[in-house]
Amino acid sequence: MNIDLISFKVWSSRLETPSVNNPMRRDEDSWPEFGEPDELHAAHITIEPIFTEFSTDGDMIQHNLGFLHGIYFDIPSAKESGDNVFDVFDCISGDTSDLYRVLFDSDGNLIDEYVGITNTIFYLDLLYINDEYRNQGVGGKLVDMIKKILKYSLNLEAGCLIVNPIPIRRVNEHEYSLIDDDKEEKRLTNKLKLFYKKLGYKNMPNETYMYINTNYRIRKLSVIKN
C-alpha cells in the first residue's frame, strides 16, 4: 500500500465536508439552535484515512484504515460571547474538564506556552488504526496531517494540538473499548507516548497529556510508523 495515496474523510458536529479536497460549509442559518457552551464554541471532529484502489475490472475499492476523533475548542469565540470557558470544557467530559485545569492558571488565564497566538485547540482523544494497516506509517501521517486537514477541510486553525495517549481495542465494527489488562494497558500507553514523542509532542506538567504548539513550530512532514 502506498500511503502517499491516502485521502481523508472528515465529519464535524458543526461543519460538513464530503472530503478533504472538497470543503463545504453549512450556512449558519441552517444550524440548529444550540444552547450548551460546548455546542457553541467546540466541535467534535472525526477523520478517517481512506486508501483507494481499483480492481482488475476497473471497479473502485475504498478501504477504511481506521479513525481519529478529537474536539476543537474555539476559546476566543467563547470569550467574545461572554461565555464561561470552563463550562465549554466541562460540558463535554471529565477528561476535558481536567484538561482545562492544565491549560489555564488559577485565575482562568491561558498558559501561552501551550496554546500559542490563536488560542484555538484540537484535542485528540481517540486514535485507532485497523490491525491489517499498522506498521505502514498510516497513523504517523494521519496525526501529522491534522492541522492541514482542519484548515483546508473545515477552515479551522488549530494553534495547539493536544493528545491523550490512551490505547483502545476494537470490540466490533462500531464499538471500541479501553484495555482491561493493567499491564497491557501500561505497555501500550508507553508505546503511544513514544509514538507521539517521535512526532514532536511534549509532555505536559501532569504527564497525562502531550502537546505540540503549531503556531511556533513549522516541521517537515515525517512519516512515523505506528
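Throughout, read-outs are computed from the coordinates displayed, never taken from laboratory work. Bear in mind that the values here come from a model prediction, so they are computed numbers and not experimental data. FYI the Cβ positions are ideal-geometry reconstructions off the backbone, even for glycines, and counts take in every protein chain you see.
Descriptive notes on the structure:
- Backbone geometry of the range 148-157 corresponds, through the Karplus equation with coefficients 6.51, -1.76 and 1.60 at θ = phi - 60°, to 3J(HN,Hα) couplings of 5, 5, 4, 5, 8, 9, 10, 6, 10, 9 Hz, x marking Gly and Pro.
- Each residue in 8, 86, 51 was given a count of other beta-carbon atoms within 10 angstrom of its own, and listing them fewest first yields 86, 51, 8.
- Computed from label points 7 Å out along Cα-Cβ, the spacing between residue 193 and residue 64 is 3.2 nm.
- For residue 148, the lysines whose Cα comes closer than 18 Å to its Cα, not counting residues fewer than 8 places off in the same chain, are 9, 220.
- Peptides ranked, highest mean first, by Cβ atoms within 10 Å: ranges 197-209, 180-192, 62-74: 62-74, 197-209, 180-192
- Amide H contacts of residue 176: 171, each under 5 Å away and 5 or more positions distant or on a separate chain (H built 1.01 Å from N in the peptide plane; Pro and chain starts excluded).
- Using θ = phi - 60° and Karplus 6.51 cos²θ - 1.76 cosθ + 1.60, couplings along the range 68-76 (whole Hz; Gly, Pro as x): 9, 10, x, 10, 9, 10, 9, 5, x
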